[in-house]
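Worksheet: the structure to be examined is printed underneath.
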Amino acid sequence: MQPRLMNRSRNFILCSALLGLLAGQAGGATLEEQLQAVLGPKPEPGAVCGAVVVDLQTGKVLLDIHGDETLIPASNAKVFSLAAAIDVLGPGFEFRTVVATRGDDLIVVGDGDPSLADPEGAGKPSDPVAALFDGWAARLREKGLEVLAGDLVIDESIFEPARDHPQWPSEDIGRAYAAPPGALNLYENSVLFTIKPAAKAGDPVQWSVYPPNGLVEVRNRGKSAAKGKNAPVLYRPRPTFEYQLSGTCTAETKSSLAVPDPGMFFADVLRTHLANRGIRIEGKIRRERVRDEQGRLPPDCAVVLVHTTPLTHVAARVGKDSQNLFAEALLKRTGYAFARAAGEANPRGSWATGRAAVEDFLKRAGVEEGHVVPADASGLSRANRSSARAMVRVLVHMHKHPGWPLFARSLAVAGRDGTLKRRMKDVPGLVCAKTGYIGGVRTLSGYVETPDRRMYAFAVLFNGFKKASRPFTKMQDQFCEVLAKSKPDAVGTP
């Protein structure tokens with residue numbers, strides 16, 4: 001976060017609540033009373049709210065509304081996985097993807113790095129795959145490895161084989177936002193389709209895919225049209241690389257869908273790209289465990305290059321951008337480190353070991369048992385549960401943690417960046433927080449700093465609404481604005 005935290009309005013609100021809030025401020029209402037006024041009349045009577053605020057200077061709880069009730073956190077689940085990752089891996093951690101040779105084989109050993117060929121990487125490269133693999137090609141050429149007679153071997157043994165989370169909604173599977181995490185990931189484990197109408201109406205639509213690869217197949221039933229509704233439909237009906245295209249197309253459209261097998265996708269794109277750069281791998285692509293159980297390469301492997309990515313980049317994509325794949329891969333990598341530190345004979349990153357790492361961290365952070373039920377890292381699963389009290393407890397803990405600078409910088413900043421770039425522009429830079437949204441759920445938790453440098457940790461979780469989420473978003477924004485503009489004499493004693 002770039003705000004002073006590190007450096008040392010709402011058009012739906014009911015008139016009665018707004019008038020009450022203004023009257024309370026004018027009449028010397030406490031901060032607790034002002035916040036209660038904001039959250040008082042909800043846009044839908046059936047909606048449930050859990051909210052907690054703690055003064056970080058004194059440790060006092062300034063507001064507690066159903067703070068113990070466990071609710072669906074949506075992407076606020078990323079607060080727990082991100083904090084646990086910083087705690088277990090350490091702020092200076094780096095992902096290390098190793099490229100080596102063994103005889104005539106080219107070997108790539110995955111470390112779970114979700115940022116390889118990241119389209120949102122530094123400078124947002126127009127060709128992320130080239131930005132990554134051109135450097136690899138140059139290094140291979142320096143080593144005289146322009147023709148490899150053997151196979152392209154991928155080692156994914158650091159992670160479990162499971163890809164799609166068993167508790168993700170079936171309608172999410174195949175969507176880009178639910179891309180499966182792997183030990184080797186590329187381009188957010190998605191393919192970008194460009195769909196265009198043909199010159200003649202009624203002809204099949206034209207399509208291309210990025211990154212170039214030899215795996216994707218398209219059953220094209222889409223029809224070109226000169227006018228009318230532009231409505232191409234692209235989906236992946238099965239866990240294969242076969243996609244189906246239908247509907248009508250009158251103008252160029254782009255659509256991203258997840259790949260079913262991250263490792264094979266990575267390997268095929270790598271081989272395709274190297275071939276386009278004059279480096280040929282003559283054998284097949286195959287999976288093999290090359291490293292031993294402690295992560296060491298055998299002596300007959302010669303390292304060609306090691307690609308590193310700092311945790312700082314991945315953490316920002318998790319916290320600021322709420323990138324689901326990055327969160328899930330980070331959770332599994334944390335699980336691997338946790339299992340290895342625990343002395344497991346064959347440590348692997350998995351949802352199970354990741355959950356174990358999160359649960360151990362929560363216990364050490366002082367979160368009461370039963371207040372958090374972690375299902376995944378991203379918050380896609382509706383089986384996740386958290387109380388507002390637990391979320392604030394973690395925020396308070398991280399404020400005192402050695403990894404606090406990284407944790408705070410990883411959150412979105414109001415009016416500045418990430419998922420809060422267009423929110424709370426009246427208090428820019430004074431709120432850094434994690435947003436969350438799935439159907440019927442709107443959550444926000446993080447930190448607020450006042451102009452006189454007082455700081456609060458807060459969580460506002462809404463569940464159970466049936467209609468639009470925007471009114472609840474506005475309530476959260478007003479809540480943070482009240483905190484940011486609060487005066488010392490309004491804090492009072494709850």
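Computed from the coordinates by the stated procedures, all read-outs in this text should not be read as laboratory data. Computed from a predicted model, the values in this text were never measured in an experiment. Virtual Cβ from ideal backbone geometry, glycine too; neighbours counted across all protein chains shown.
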Where GluC sites (Glu not before Pro) fall in DSSP loop in the stretch 332-404, at most 15 other Cβ within 10 Å
344, 368, 369
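Give 78/487; 200/227; 60/320; 421/487; 363/434 a once-over and call out the pairs whose C-alpha atoms are over 23 Å from each other. It would help to have the intermediate numbers written out before the result.
Details: 78/487 31 Å; 200/227 12 Å; 60/320 28 Å; 421/487 25 Å; 363/434 21 Å.
Pairs exceeding the cut-off: 78/487; 60/320; 421/487.
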Subtracting the Cα-Cα distance of residue 58 and residue 284 from 0.36 nm times their residue separation yields 75.1 nm
I'd like the Karplus ³J(HN,Hα) series for the stretch 272-277: coefficients 6.51, -1.76, 1.60, θ = phi - 60°, whole numbers in Hz, and an x wherever there's a Gly or Pro.
4, 5, 4, 4, 5, 9
Going by Cα centres, the stretch 242-312 and the stretch 330-386 are how many Å apart?
27 Å
Any lysines with Cα under 17 Å of the residue 254 Cα? List them, leaving off those in the same chain fewer than 8 positions away.
196, 223, 229
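Can you give the helix-only mean residue ellipticity at 222 nm for the chain, where every DSSP H stretch with n ≥ 4 adds -39500 (n - 2.57) and the sum goes over all residues, rounded to the nearest 500 deg cm²/dmol? Provide the component values of the computation, followed by the final result.
Numbers: 11 runs with 138 residues, N = 494.
It comes out at -9000 deg cm²/dmol, rounded to the nearest 500.
Where both residues lie in the chain, what percent of DSSP beta bridges are antiparallel, nearest 5?
Values: 65 of 81 bridges.
About 80 percent, rounded to the nearest 5.
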Provide the per-residue ³J(HN,Hα) series for the stretch 193-205, in order, calculated from phi with Karplus coefficients 6.51, -1.76, 1.60 and θ = phi - 60°, each as a whole number of Hz, with x at glycine and proline positions.
9, 10, 10, 9, x, 6, 5, 10, 4, x, 6, x, 5
Neighbour-limited loop hits for trypsin sites (Lys or Arg not before Pro), the stretch 142-203 (at most 14 other Cβ within 10 Å; DSSP other than H, G, I, E, B):
143, 200
Go ahead and run the numbers for FRET between residue 292 and residue 66, Cβ-Cβ distance against an R0 of 51 Å, rounding to 0.05.
0.50
Output ³J(HN,Hα) for the stretch 175-187: one whole-Hz value per residue in order, computed from phi by the Karplus curve 6.51 cos²θ - 1.76 cosθ + 1.60 with θ = phi - 60°, and x for Gly and Pro.
6, 4, 6, 10, 4, x, x, x, 5, 10, 10, 8, 6
Under 15 Å from a label point 7 Å along Cα→Cβ of residue 382: give me every residue in the stretch 67-87 with its amide N that close.
71-75
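For the stretch 94-311, what Kirkwood radius comes out of the mean inverse Cα-Cα distance, in Å?
Working: mean 1/r = 0.0537 Å⁻¹.
By the Kirkwood definition, the hydrodynamic radius is 18.6 Å.
Just want the ordering: 62, 145, from fewest to most Cβ atoms lying within 10 Å of their own Cβ.
Numbers: 62 22, 145 17.
Ascending number of Cβ neighbours within 10 Å: 145, 62.
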Would you list which lysines come within 16 Å of residue 467, measuring only between C-alpha atoms, while excluding same-chain residues fewer than 8 positions from it?
42
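Highest first, please rank the peptides 376-382, 119-125, 433-439, 307-313 by the mean number of other Cβ atoms sitting within 10 Å of their residues.
Working: 376-382: 25.1, 119-125: 13.0, 433-439: 22.7, 307-313: 17.6.
Final packing ranking: 376-382, 433-439, 307-313, 119-125.
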Taking amide H positions as placed in the peptide plane 1.01 Å from N, state which residues far from residue 243 in sequence (5 or more) or on other chains have amide H under 5 Å from it.
217, 218, 219
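For the stretch 222-319, which GluC sites (Glu not before Pro) are in a loop by DSSP, counting at most 14 other Cβ atoms within 10 Å? Can you show the working numbers first?
Values: sites: 242, 252, 282, 288, 293; in loops: 252, 282, 288, 293.
Counting only loop positions with at most 14 other Cβ atoms within 10 Å, the GluC sites (Glu not before Pro) in the stretch 222-319 are 252, 282, 288, 293.
Would you mind classifying the stretch 249-297 by shape? Square roots of the alpha carbon gyration tensor eigenvalues, ordered a ≥ b ≥ c; an a/c under 1.5 is rounded, otherwise it is prolate if a/b is larger than b/c and oblate if not. Kindly include the intermediate steps, with their values, before the conclusion.
Values: a/c = 3.64, a/b = 1.74, b/c = 2.09.
Cα axes put the stretch 249-297 in the oblate bin.
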Set of the stretch 209-234 residues, backbone N closer than 14 Å to the point 7 Å along the Cα-Cβ line of residue 199:
none
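Arrange the peptides 221-230, 101-110 so that the one whose residues have, on average, the most other Cβ atoms within 10 Å appears first. The partial results should precede the final answer.
Numbers: 221-230: 14.7, 101-110: 20.3.
Listed from highest to lowest mean packing, they are 101-110, 221-230.
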Work out, step by step, the length gained on full extension between residue 363 and residue 399: first 0.36 nm times the residue separation, then minus their alpha carbon distance; give nm to one decimal.
11.3 nm
Cα-projected label distance for residue 233 with residue 170, points at 7 Å along beta-carbon direction, nm
1.7 nm
Note, residue 128: beta-carbon cut-off 14 Å, +1 each Lys/Arg, -1 each Asp/Glu, net -4
